[in-house]
Amino acid sequence: MSTPIHVMLAGTLAAVPLSQSMQCGRPGQLDASAFFNITDDIRVGVQGVNLLNEVTRTSQAFTGDPNDLAPRSFFVNDRRFSFILRANF
């Protein structure tokens, strides 16, 4: 019998058994940015992160068999946009 480790994740107490394998799917996200020079010393830009709003999925071998995986958790990192002003002094 494995001894679980208790981990605090975003305010939730979760038991994570060390002896059971956990796998993460192939997370990927599309990021982009563009900048424009207003003058030699001032640049403005926009940056987008996770434009496709990808979901990261993890699975775990709850039975102890590393080939018998079941879904464990799903994470959405949200799509984010930033507007940027850069200046040289």
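Where a number appears in this text, it was derived from the coordinates with a stated rule and is not lab data. Remember, it's a predicted structure, so these values are computed and weren't measured experimentally. Counting neighbours? That spans all protein chains shown, and the Cβs are built from the backbone with ideal geometry, glycine included.
Restricting to segment 38-82, count the residues that are among the small types (Gly, Ala, Ser) and at positive phi. Break it down into steps so the answer makes sense when it comes.
Quick first cut of segment 38-82, residues among the small types (Gly, Ala, Ser) only: 45, 48, 59, 61, 64, 70, 73, 82.
Then drop every residue that is not at positive phi, which leaves 64.
The total comes to 1.
Between a residue in segment 28-46 that is in contact (Cβ under 8 Å) with a residue 40 or more places away in the chain and any residue that is among the aromatic types (Phe, Trp, Tyr) and not in a loop (DSSP other than H, G, I, E, B), which pairs come within a Cβ distance under 9 Å, given they are 6 or more apart or on different chains?
The qualifying pairs are Arg43/Phe35; Arg43/Phe36; Val44/Phe35; Val44/Phe36; Val44/Phe83; Gly45/Phe35; Gly45/Phe36; Gly45/Phe83.
Out of curiosity, is Asn50 surrounded by 10 or more Cβ atoms within 10 Å (Cβ to Cβ) and in contact (Cβ under 8 Å) with a residue 12 or more places away in the chain?
On the way: surrounded by 10 or more Cβ atoms within 10 Å (Cβ to Cβ): yes; in contact (Cβ under 8 Å) with a residue 12 or more places away in the chain: yes.
So Asn50 fits the description; yes.
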